Amino acid sequence: MFRSTPALAAATAIAAIALTACGGSGGGDGYGASAPVAAPETLAPPAGTVLTANSTAQLGTVVIDGLGWTLYRFDDDTAQPPASNCAGDCATTWPPVLAEPGTPLTVDGIDQAAIGTITRADGGVQLTIGGWPVYRYAADSAPGATDGNGKGEKWFAVTPEGGRAEAP
């Protein structure tokens with residue numbers, strides 16, 4: 001004969017809660033649809049800023065951020081002295097890559113001496129590479145995409161030295 005005790009009941013309840021918590025959404029079994037994952041509203045890289053030199057077949061080596069998004073430079077900006085001329089609607093389409101005070105900057109395949117900052121008219125501190133302010137393209141289709149390259153004949157994926165990326 002089986003007899004229930006308070007300890008056994010508590011253990012059973014804890015096990016049931018733990019198993020329910022580990023169950024996940026159940027959308028990966030191919031039956032039924034899972035809810036779509038919304039795209040992030042900002043294009044900010046993860047904690048701290050990560051810049052990496054990334055080799056592409058189309059443009060040679062370009063700089064990407066910590067989420068894999070291609071970074072761009074704008075020919076209407078200047079490198080000497082470094083200055084941004086992209087604000088308002090321009091900065092909505094081409095969000096500046098901002099330095100976050102007090103967070104680390106990690107570079108891979110880029111000379112640390114090529115990295116700098118400028119203070120934008122809106123007070124934000126924007127990263128520069130080779131003196132050129134850098135941006136993301138809000139309409140890039142996916143991380144690693146270079147959809148913004150050549151836009152308006154003024155926007156180009158940026159190289160680790162701050163130059164325009166060009167087909168090899």
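The set of residues from the stretch 54-97 being of a type in the set (A, V, I, L, M) and either surrounded by 17 or more Cβ atoms within 10 Å (Cβ to Cβ) or in contact with an Asp or Glu (Cβ under 9 Å, 6 or more places away or on another chain) (or both) comprises L59, V62, V63, I64, L71, A83, A87, A91, V97. Screening A79 against (1) in contact with a Phe, Trp or Tyr (Cβ under 6 Å, 6 or more places away or on another chain); (2) small (G, A, S); (3) within 14 Å of V63 (Cβ to Cβ) leaves a single unmet condition, (3).
Under the condition of being part of a loop (DSSP other than H, G, I, E, B), surrounded by fewer than 17 Cβ atoms within 10 Å (Cβ to Cβ) and modelled with pLDDT of 95 or more, the residues counted in the stretch 104-120 number 2.
The values are calculated or read from the model by the stated rules, or taken from the named source; none is laboratory data. Model, not experiment: these values are computed from the prediction. In this analysis, Cβ positions are derived from the backbone assuming ideal geometry, glycine residues included, and neighbour counts consider all displayed protein chains.
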